[in-house]
Each structure stands twice: as structure tokens, then as C-alpha cells.
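Working notes, structure below.
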2 protein chains.
Amino acid sequence: MQTPQRIAIVGSGLVGTLLAIYLKKQGHTVHVYDRSADIRTVEFSGRSINLVMSDRGWKALADIGLDEEIRRIGIPVDKRAIHMKDGNLTYQNYGKEGEAIFSLSRGVLNRKMIDLAEAAGVEFFFEYRIWDVTLAEATLHIGETEKGPWSDLKYDKVFGADGAFSRIRHRMQRQSMFDYSQEFMKIGYKELHIPANPDGSHKIDKNSLHIWPRGNFMLMALANLDGTFTCTLFMPFEGENSFEQLNNETALVNFFAEYFPDTAAVIPDLVSDFFKNPTSYLAIMKCYPWTFEDKVALIGDSAHAIVPFYGHGMNAGFEDITVLNQLIEELGDDWKAIFRAYEKSRKPNADAIAELSRRNFVEMSTKTADANFLLQKKIEKWFSDKHPDKWMPLYSRVTFSLQPYSEALAIGDYQNAIMEEVMKLPNIEEIWNSPEVEEKIIALLQ
Amino acid sequence: MQTPQRIAIVGSGLVGTLLAIYLKKQGHTVHVYDRSADIRTVEFSGRSINLVMSDRGWKALADIGLDEEIRRIGIPVDKRAIHMKDGNLTYQNYGKEGEAIFSLSRGVLNRKMIDLAEAAGVEFFFEYRIWDVTLAEATLHIGETEKGPWSDLKYDKVFGADGAFSRIRHRMQRQSMFDYSQEFMKIGYKELHIPANPDGSHKIDKNSLHIWPRGNFMLMALANLDGTFTCTLFMPFEGENSFEQLNNETALVNFFAEYFPDTAAVIPDLVSDFFKNPTSYLAIMKCYPWTFEDKVALIGDSAHAIVPFYGHGMNAGFEDITVLNQLIEELGDDWKAIFRAYEKSRKPNADAIAELSRRNFVEMSTKTADANFLLQKKIEKWFSDKHPDKWMPLYSRVTFSLQPYSEALAIGDYQNAIMEEVMKLPNIEEIWNSPEVEEKIIALLQ
């Protein structure tokens, strides 16, 4: 059993809130701070991308008995729906029969999680601005303004669950031997909206992740419980087909008419949404170490902010909690050992999902519309169904398994090299499910 | 001719001071701020590695007529002196007859440069602590402490020449679309000291860069004008043969007796130097962009801190000034265009010298003691002497030419691939200067 600690968590997002529930159930005093107002009292910001929960996220929820409750506010999504420019619509299953990711509205989920944390006895302090932390003392510094007077909040442990622009990490960054990088994508995103039908039903298939793949830009849509869809337009900030060019109503309407003709019927407020909602940035943040002695630890986006193209930001953060919790159970009160083992275990996996997520933009925006790529996926699925012991597609490893991300990445690269050889076979379009191809893959696997 | 500007330079190091002279001579008002005391009034810190000036540095000095003055305080170094563990000493020339880099004490050079800048009319403000900058206003914020009251200093332009831990860059880092990375090496360094002989002469050859290459660690020494040498021990912080292990007098003395036996005669104060001088960190900092509108620009280490193993930190910073100056002459008062062209031109070259410098640790600490590597260098030199139009060794491209670093790196990699083929020739040790080898290289170059 653990010696109770006074623990501060900075950030009331999904990871901070779930971590709070875990730590509270272990008997600690848990205070969660957030510089923003309680998300339950405000409208959400118009800059979210819907979340998808997959096996890693479910595991972290199930271990603490919350999975059923959350499943009720999600919508299963078992396939991609690919909207081609000519209006053609095709579907690509994500996994095997019965395998699905779950679409969740960030705001809905976050509110629910805060309710659950409060019910568990976690205390929340909203609109508390944390400006700095004294790492060696696990002491937070709060105040109205950065330059104004601050007061100190002393804890035994501080967790920085304060996201990509973490203040806690910002202080750690100014230590020697702290590696850090931030990289902004040339692609930004804009939230758009498909309303529900008058009867509350969805206008397009709710069990699909809809993609309009157009090369260097794309539109996607994920369903919400209330019949609406959250749509996200990803495109470059500058250059051809960029946000820079869509700077007036005519340009915008013409652009959508040309590239996304089938959205005209379902996105009625395109113009007002587009010019009202901000154009948001995407960044990849990496750092190491993630902890300071036995006092401070980063978790979730503050330690590893990734791009959203694999739908794994939340899942990776929740898996941080699973690993941390296992180590706490294993190592008891030795928090120095817990923190060291935690960062060592998670860092290679965080780097791997960062890389997988970066690559997945090209898969979503370009390859989903490419016949060769679709054939390759079809062969992989066919072979995997015949030889489940020999082959699991990369997407399934990442999403429908708990295999460490770093292993999934390495094996995925190995499998891809094999598939490149297979795709070179003459007439592969004709013989894709022949014994010849099956033998070829088996031979290459040896 | 330029419209005079009020310009603040943050940092009175080598790059800040030379930039100040350039800008002053263009007719601007130039104020240089430094949080430290005037280096002319204090003893230097015991954590420096001697500088080497090479062609890029000389060019920046020569363009403004300062090269002769500086050459008088430097010592030409035309070769490496390799001290093997068995006491064997060999020499490797850096370039052709007459080509040399110049060893300079950082403190001596910096004091001289400040004198020259003051003589040119630059104003210096020492012990002024700059805590922050308002980028869009080119306004510096100074004060006694970070949290205490600040006052504002408004300029037309601000240059951040404030080194690897730049405050100016720190503010830029918190802008969207600013890419940044800091990476600390696992290797640190410690300054040691070889005193002069009683008659003021040098105890070992002053025209050599002395290296004691020992694999994952090494000692080096560069001469000073006063007969002394500044020595630098580079080794890992942790593990076998690390700073962590040399934690007492006996361990230190035994270690030096085993690995650097010939230094016993020339480093009399090993123990006191070692435990008095700090163990310093090495870091690589990268960022982009380097400028903010027409208001703020980073230059030197603040934009591109590199490891010291190619001896190019200062040279790269001085080359920033050369390029910036050319652009100012070309583009006149269009500072936005000047800044954009400056960062675009310099960024790939800064990345290239960062990579070359990183690689050079292995060259210095390991390859200089490797017979195959020495043979490869000998072949390159022989071929280059015969065909100067066809081959310039990488070291010469970087050090004895003004070829952009990025080109030098790319051509160096290309040449290295050729040399790998050449080194595979049977009996290459015997036939290294035969027509067969000459023809092979010429064939591979085509």
C-alpha cells in the first residue's frame, strides 16, 4: 500500500482528469489546477478535432471501471468512407468484423471525466493560473499575471498534464541536459460542422470516419451523439490550395464546389463556420527526461504532443497512465524509481506514435485514394485472415492491440518492405489472392 | 545608403561585438547590452575551449579591415599532433603548405573586439539584465530580477547575439510556427592548463592542435600567446571512463597516468584544475525562423549553437555577419527582405555545420588513431595534390574555403562514398598512390 501523498495535477484535460481519478483511488490527496474556466460551464472553442478511443484508451478506462460509462457517449466507427472528387464513395474497414474505434466529442468526454473525478473525490481549481514551478520543491507558483505577485502551492508531487504548451515542461526546458524540440507543421486545420437532420439522425453514415482525400489537403468528419458531425479541414497555410488563398467568400465557396462537391448538401454554414472558427496549428513536441527527481512528472501531450492523424493523442496519454499505475503498484513508495521507469518505458513508444502519426497524414490525404495502396491493404487483410499468427496489419497493431508503439512501428516497417516486394509481382492485380502470393509472403517472412 | 536605425544588440560576445562594428560603420546607432560584467574587467571563467579562426572568420574580419590586428594575437596551427597511448607522436597536416587555422584565447579575443567596437563608436551597457523582448516593438525589458520591476528600451531593431541560452530566442520560441530544438550531448568537457616554460616558451609544439584520442573520450590542447596551452578533456558524464568516475584525486591521477602518460610532465596542476574548474555541458540548438518581421533577428549561437569539434562556432557566426552585411548593401532599407533573405540563406548552412561538427567528435577521438582512416586521408591528399580541380578534401572545404557549409557537407558525403570504394581495393596499403587508384577515383567521379 502507498503512503498518501499531496499531489497537484496541472491541467484538467482528459489525461489530467483520468490520472487524478487513478491517484485519488490510490489514497492520495489530488488537486487539479487549470488556467481556464471549468469546461462544464463554457461553450467549447470551435477548434477541436473529434477524438477516437481505441484499445489503449479503453484499457486505461477499464482498469478503473469507467469504460462502460464512456462507451455510452461514443459512436463506434469501423471503417473509412472515402469521398472521391467525382462523387464516388468507397469504404475501407479498419479491422476485422466487430473491431471499431469510437468517435467522441472532446467537450462531451472532458465534461464527463471531470464529473467522474469529482465524484471520486478529486478537487478542481479552475481559473488558477500556474506561471511557474520550483521543481526541487514540487511547488507551483500562481497569480493573476505573469509579472504580478504570485503565491506558492507546495505539494509532494506535481504532474504536468498541461498539454502541448506546458508551463511545467517550460521550466524543465531551462535545466541542463533537458532535450526538447517543437516542430510546427506547414498544415493547419479548421473546424467545420455538419448539423443533424430535423429528426436528430445523422446526415451521412455515422459509423464511418469520412475522408475527402485530395493530396496535400483533405476534409474529414466524425460523428457526434447528437446527430451532428465535427468536420476538420486540413490544408497548408500557404501556397496552392491553402488557407492563405481562401481569404474571401467567393474563393471559399468555389473551392468547396470544386473539391468537395458532395458537402454542399450537408455543410450549410460553411461560410460563417469557416470565417468564425480559427485556423489552428499542429505541432510535434518531444522532450526528455519527463520527470524531475521524485517530484515532478510530465504526462500526455506535455511530454509528447503529436499530430492527430492516427487518432492516438489521447490513447497515448491514457497509456502513460496505465504504465505509471502499473509501476506505482510494483514499486510502492519509491517514486524516484517509479518516475525513472515510467519515462524510460514510455519515451520510445511516444517517439514511435509521433512518427506513425506524422506518416498517417499522407496515408489519409493521398494513399486512401490510390488504387495500389488499396490493393496492398486488401492483400494484407486477406493474408492476415488466412494467417492471423503470421500477420497483423500495422493499423491493427496500433489501434486494436496493446503492443508497444515502438514494436508496432518496427514490425510495420518490416511488413511494408515485404509488401513492396509483393507489389512488384507481375500481374499482382490479377493474382493478389493466389497461392503464389501467399507463398511469396511466407517465404519473405522467413 | 542606409537610413540610420537605432539598434540594440543583446550579447557582447564575439558575434555581437563584430556585428556592432559592422552596423556602426553603416551609420547606425548601436548599443550592446550584456547581463555580465565587462569581460575586460574580470578574470575569465575556466570553462572555455580555445577558438580557431579559419577562412570564414578571417573574411568577416578582413571585409571591415580588422584581420591584421586579430592575426597578431593568434597562433597559426597547421596540423594535428596525435598523442598515442604508448607515447608515440604523429602529425597530420590540416591542408596544403601554408594553410593554417589560428588558435585564439576566447578572453583575449573578446576583450580586443570590445576595444575595437568602442573605438568605432559602439556603446556598451554591461550588467544590464535583459529578461524579455516585445518582438513587434523591438523593445527590450530590463531589470534587476526577473520578477521585479522592469524598464523598457525601445529600438528600431534588436539583434539577439546572446548565445546558446538566448533570451531573445526564448521569447520567439513561444510564438506559433517557431521550430526549435535543444539537444544535450552525453559528453561534457573540463578545462585544464599547460603552463609556459620559465622563459615564456611553449612546452609542446605551439603550431599543432594536440589530440590524445582515446575512443569515447579525448584530451586536446591549443596554444595561447603567453606560452600556455588551454587543454580540454572531453568525456562522457556517466559510464566507463566518465566524469562520474573521476570523483577523487586517486582516481583522477591513476586515470591520467594510464591514458595520458605524457601529460604528467606538462600539466602540473591537474588535480587542482580538475576539481576547481566546472564540468561543462555541450548542446546543439536549432531554430527557425531566425527573425521577426523587420524588428528582431538572431545571429550566431542564439540561432545555431553547435558542438565545438570542428572549431566552427565562431566562424559560422562571423559568416552570418558577412551574409547579413551583403544583404544590407544589396537591399538597402528593406529590412523585412534583408531578414528573410538572411535566414533563408543561413539556415541550411547552419544545419550543415551542426552536422559536420557532431560527426567530427568521432573523427577526432577515434579515427585520428585509426590506420585505415589515416590511409584514406593520405590518398585524398595525394589525389587532391595531383588533381586540385577534381578534389578538395572535406576539411579544406569547410575550413580553407568559403564554400557554403551545406555544399561542403553534400560533396563531402559524395567523396566519402567514393573513398569507401577505393579503400576496398585489394592491397590498397601497397598501391595507394598507383595509377590504378588514380584511375579508379577518376572513374568513380564520373
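Structure summary
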{"quantity": "So B:Asp262, is it charged (D, E, K, R), part of a loop (DSSP other than H, G, I, E, B) and under 26 Å from B:Lys79 (Cβ atoms)", "calculated": "no"}
{"quantity": "One residue from A:Ala257, A:Ala265, A:Ala283, A:Ala251 being at pLDDT below 95 and either over 30 Å from A:Lys344 (Cα atoms) or not acidic (Asp, Glu) (or both)", "calculated": "A:Ala265"}
{"quantity": "Verdict on B:Asp86 being in contact (Cβ under 8 Å) with a residue 40 or more places away in the chain and surrounded by fewer than 20 Cβ atoms within 10 Å (Cβ to Cβ)", "calculated": "no"}
{"quantity": "Given (1) hydroxyl-bearing (Ser, Thr, Tyr); (2) in contact (Cβ under 8 Å) with a residue 40 or more places away in the chain; (3) within 19 Å of A:Trp212 (Cα to Cα), index of the condition A:Ser242 fails", "calculated": "(2)"}
{"quantity": "Selection from the stretch B:369-391 of residues that are touching a Phe, Trp or Tyr at 6+ places or on another chain (Cβ under 6 Å) and among the polar types (S, T, N, Q)", "calculated": "B:Ser384"}
{"quantity": "B:Ser176 within 14 Å of another protein chain (Cβ to nearest Cβ), of a type in the set (Gly, Ala, Ser), out of contact with any helix residue (DSSP H, G or I) (no Cβ under 7 Å at 6 or more places or on another chain) and assigned to a strand (DSSP E or B)", "calculated": "no"}
{"quantity": "Listing of strands (runs of 3 or more DSSP E) fully contained in the stretch B:208-249 that carry 1 or more residues being more than 21 Å from B:Val52 (Cβ to Cβ)", "calculated": "B:229-236"}
{"quantity": "Some residue of the stretch B:179-189 being assigned to a strand (DSSP E or B), more than 24 Å from the chain's Cα centre (by Cα) and more than 12 Å from chain A (Cβ to nearest Cβ)", "calculated": "no"}
{"quantity": "Matching residues in the stretch B:144-187 - criterion: being over 20 Å from B:Phe292 (Cα atoms), small (Gly, Ala, Ser) and modelled with pLDDT of 95 or more", "calculated": "B:Ser151"}
{"quantity": "Qualifying positions in the stretch A:266-304 - in a strand (DSSP E or B) and farther than 20 Å from A:Leu233 by Cα", "calculated": "A:Met285, A:Lys286, A:Cys287, A:Tyr288, A:Thr291, A:Phe292, A:Val296, A:Ala297, A:Leu298, A:His304"}
{"quantity": "Flag if A:Phe234 is among the aromatic types (Phe, Trp, Tyr) and within 14 Å of chain B (Cβ to nearest Cβ)", "calculated": "no"}
{"quantity": "Every residue from the stretch A:404-422 that is over 17 Å from the mean Cα position of the chain (by Cα) and closer than 26 Å to A:Glu97 by Cβ", "calculated": "A:Glu407, A:Ile411, A:Gly412, A:Gln415, A:Asn416, A:Ile418, A:Met419, A:Val422"}
{"quantity": "Leading residue by the ranking (farthest from A:Gly313 (Cα to Cα)) among those in the stretch A:49-76 that are surrounded by 16 or more Cβ atoms within 10 Å (Cβ to Cβ) and small (Gly, Ala, Ser)", "calculated": "A:Gly74"}
{"quantity": "Test: residue in the stretch A:195-208 that is within 14 Å of another protein chain (Cβ to nearest Cβ) and polar (S, T, N, Q)", "calculated": "no"}
{"quantity": "Qualifying residue in the stretch B:311-325 (condition: surrounded by 15 or more Cβ atoms within 10 Å (Cβ to Cβ), under 21 Å from B:Asn216 (Cβ atoms) and away from every other protein chain (no Cβ under 14 Å))", "calculated": "yes"}
{"quantity": "A:Ile64 being of a type in the set (A, V, I, L, M, F, W, C), in contact with a Leu (Cβ under 7 Å, 6 or more places away or on another chain) and over 18 Å from A:Met364 (Cα atoms)", "calculated": "no"}
{"quantity": "Given (1) away from every other protein chain (no Cβ under 14 Å); (2) more than 30 Å from A:Gly227 (Cβ to Cβ); (3) touching a residue at least 40 places away in the same chain (Cβ under 8 Å), index of the condition A:Lys286 fails", "calculated": "(1)"}
{"quantity": "For B:Glu436: the one exception among (1) within 30 Å of B:Phe102 (Cα to Cα); (2) of a type outside the set (Lys, Arg); (3) without any contact (Cβ under 8 Å) to a residue 12 or more places away in the chain", "calculated": "(1)"}
{"quantity": "Conditions (1) within 14 Å of another protein chain (Cβ to nearest Cβ); (2) touching a residue at least 24 places away in the same chain (Cβ under 8 Å); number of the one not met by A:Ser103", "calculated": "(1)"}
{"quantity": "Hits in the stretch B:148-169 (condition: facing chain A (nearest Cβ under 10 Å) and either surrounded by fewer than 17 Cβ atoms within 10 Å (Cβ to Cβ) or touching a residue at least 24 places away in the same chain (Cβ under 8 Å) (or both))", "calculated": "B:Gly148, B:Pro149, B:Phe165"}
{"quantity": "Qualifying residue in the stretch B:7-14 (condition: modelled with pLDDT of 95 or more and either surrounded by fewer than 16 Cβ atoms within 10 Å (Cβ to Cβ) or assigned to a helix (DSSP H, G or I) (or both))", "calculated": "yes"}
{"quantity": "Verdict on A:Tyr33 being in a strand (DSSP E or B) and either in contact (Cβ under 8 Å) with a residue 12 or more places away in the chain or in contact with a helix residue (DSSP H, G or I) (Cβ under 6 Å, 6 or more places away or on another chain) (or both)", "calculated": "yes"}
{"quantity": "Qualifying strands (runs of 3 or more DSSP E) (wholly inside the stretch A:78-124; at least 3 residues being hydrophobic (A, V, I, L, M, F, W, C))", "calculated": "A:101-104"}
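The values are calculated or read from the model by the stated rules, or taken from the named source; none is laboratory data. Since the model is a prediction, treat every value here as computed from it, not as a measurement. Note that each Cβ is placed from the backbone with ideal geometry, even for glycine, and that neighbours are counted across all protein chains shown.
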